[in-house]
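Read-outs: derived from the displayed coordinates by stated rules, not from any lab. Given the structure is predicted, the values throughout are model-derived calculations rather than measurements. We place every Cβ from the backbone using ideal geometry, glycine too, and count neighbours over all the protein chains shown.
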Amino acid sequence: MSTASEMDQFTPPTTTEAGGRPLPASDPDTVVARVAAPLLDNTARTVTWIAPREGRHHRVVRCTADGHADLRVSGQDMEATGVPGLDDVLAGTVATPVHGDLLTPAPQWLAGARAEELHASLVVPLVGQEQSLGVLVLLGEQCQAERWTGPDAAAVTARARKAELLLEAVQLRQSLLAASREIGAGLDTVHERRVLGVDVQVRWRPADAGRGLGVGGDFYAFLPRPTGVTLAVGDVCGSDTVAALRALRVRGQLEALALTTRDDAELIDRLNRLCPTGPPAEFYALSLIHIAESSGPETRILLHQLGMPDAQIVHPDARLTRSPARGTVLGVADDLAYTPHDLTLAPGDTLVVSTDGLVEARNPGGDMLPTAYIERCLRRCAQAPGSVVADQLLMLMRQWLGGEDHDDTTLAVVHAPRPHSPDPKGAS
C-alpha cells in the first residue's frame, strides 16, 4: 500500500518516468497502469482513467489486479454510469474529489468482472496546467471507501498528482512527435533518384539526442538550376527541435533563392546575408553538389564545401581522391572565403559527401571513427552501386557507435554508372 511519504520521494518527471525509465511515446495506458498499481487491492479494486471527450467517445483505461484494458466509450454510455459526481467532474463544474455510494452496479467497462462486489466510488479530477486531463475513478468495497478520507487519503492524492504530471508529459511528447512530422516533411531517411544520368543516394539520420522525435539540424534539398541540378546538404548547429526548425527555414530559403539566382556562388552569398546575426548567432555548414548537364560519358560536378568534412571520390580501381573542404561556415562573416571544386566523374566513379555526424561518430570510449576505417570501407565498395556505398558507411558508423547516441548524419552519394546500369528505385 502507498503511504503519505510517497509524495516526498516523488520527483516530477518530464519525458521519463521516475527512476529514469523511459516513458513510451503516446502511451497513456502504461502511465495509468503505473499510477494504479500501488492502489489496487488494498486501496481500490479498480482504478480507471477516463480521458476528456474526443468527438463522440472517451478513451478509457481500466486497471485491475489482473491487468489493464484500453477502451473507447461513447458519451451516451458515460452518462449512464450511475457513479456520483462523474458527470459534473467531466463537465468541469466540479474540481474537487467526489465520494459516493453506488446504488446500482457500475457498468462492466468501468468496474470489470466484479461489478456486483463494488459499492463505493471516488472520482478525482485530473487538471493540467492548461486543460483537463480527464478523471481517475476508484471503485471499491465499503471498507476501502472508509480509508479514502482517512489513512489512504494522502496516497490517493499523490497518485493523482503523479498521473497529472505523467499524462502531461505524454501530451507534450505527442505534440513534439506531431511537430517533428511536419518539420521533417520531405526528408526521407532513404532517398534515391536518377539526376541527369547519375545515381544519387541520400541517407538522412536524425540524432538520438532528439529522443526518438525524428528531428535534427541536418537537411537536404534538390534545387533546379539553369545549368543542371544542385543537391544541397546542410548541417545547422544543434540536434534538437529548435535546430530542426532552423533547418526547415534554411531549406525554404534555399528553394526560394534557387529560383532567383544565376548560379550557386550567388545563392551562397545571398543565403549567407540572410543568416540571423543574433544574439544568439546562427551558423551552419553547407555542401552544394551541382550536377551539370552533359552530353558525354563523363559527369561534371561543381562542389562548394562550406564548413563540411572533406569529400571523397571513389574510383573503380579502389583509388580515393580527396576533395578538401575550402570554406568557412555560413553566418560568421559577411564575406565568405571559399574555393569551389570543379570535379569530373568518369563512369564508375562515386562522389561521397557527408555531414560531420559520420566522421565525428564516437564509440563508448569517446574515440572518433578513424578516417582509415572510412577509407577502407570506401575501397571495398569501389565497384558497388551508390546505394551499397551509402548503406555500408552507415553500418560502419552504427558498429563504431556501439549503441551510443549519435549526432545528425546525412550522406550524399553521387555515382556515375557504367553503361547499362539499371536505374535506382524512384528514378526520374
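Some values worked out for this structure:
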{"quantity": "Karplus 3J(HN,Hα) series, Hz, for the stretch 352-360 with 6.51 cos²θ - 1.76 cosθ + 1.60 (x for Gly, Pro)", "calculated": "10, 10, 9, 7, 6, x, 6, 6, 9"}
{"quantity": "Structure-based [θ]222 nm, the chain - -39500 (n - 2.57) summed over DSSP H runs of at least 4, per residue, nearest 500", "calculated": "-8500 deg cm²/dmol"}
{"quantity": "The stretch 272-409: relative contact order in percent, alpha carbon pairs under 8 Å with at least 6 residues between", "calculated": "23 percent"}
{"quantity": "Computed P(r) (all Cα pairs; the stretch 335-404; 10 Å bins; percent)", "calculated": "17, 42, 28, 12, 0"}
{"quantity": "For the stretch 378-385, Karplus couplings with θ = phi - 60° (6.51, -1.76, 1.60), whole Hz, Gly/Pro x", "calculated": "5, 5, 5, 9, 4, 10, 8, x"}
{"quantity": "Per-residue Cβ neighbour rank within 10 angstrom, fewest leading, TYR373, TYR338, TYR284", "calculated": "TYR373, TYR338, TYR284"}
{"quantity": "Label-to-label distance, nm, for residues given as ALA113 and ASP70 (7 Å Cα→Cβ offset)", "calculated": "2.2 nm"}
{"quantity": "Length-normalised contact order of the chain in % [C-alpha pairs under 8 Å, at least 6 apart]", "calculated": "13 percent"}
{"quantity": "Acute angle (nearest 10 degrees) that the helix 264-273 long axis makes with the longest principal axis of the chain, alpha-carbon atoms", "calculated": "50 degrees"}
{"quantity": "Diffusion constant of the chain at 10 °C, which comes from Stokes-Einstein with the Kirkwood Cα-pair radius and 1.306 mPa s, µm²/s", "calculated": "63 µm²/s"}
{"quantity": "Cα shape, the stretch 184-415, gyration tensor, a/c 1.5 rule", "calculated": "oblate"}
{"quantity": "Rounded to 10°, Cα long-axis angle of helix 386-401 versus longest principal axis of the chain", "calculated": "50 degrees"}
{"quantity": "Selection of trypsin sites (Lys or Arg not before Pro), the stretch 326-428, meeting DSSP coil and at most 13 other Cβ within 10 Å", "calculated": "LYS425"}
{"quantity": "Principal-axis tilt of helix 153-183 within the chain, Cα atoms, nearest 10 degrees", "calculated": "30 degrees"}
{"quantity": "Note, ³J(HN,Hα) from phi for the stretch 324-341, Karplus 6.51, -1.76, 1.60, rounded to Hz, x at Gly and Pro", "calculated": "x, 6, 10, x, 8, 5, 6, x, 9, 8, 5, 10, 7, 10, 7, 10, x, 10"}
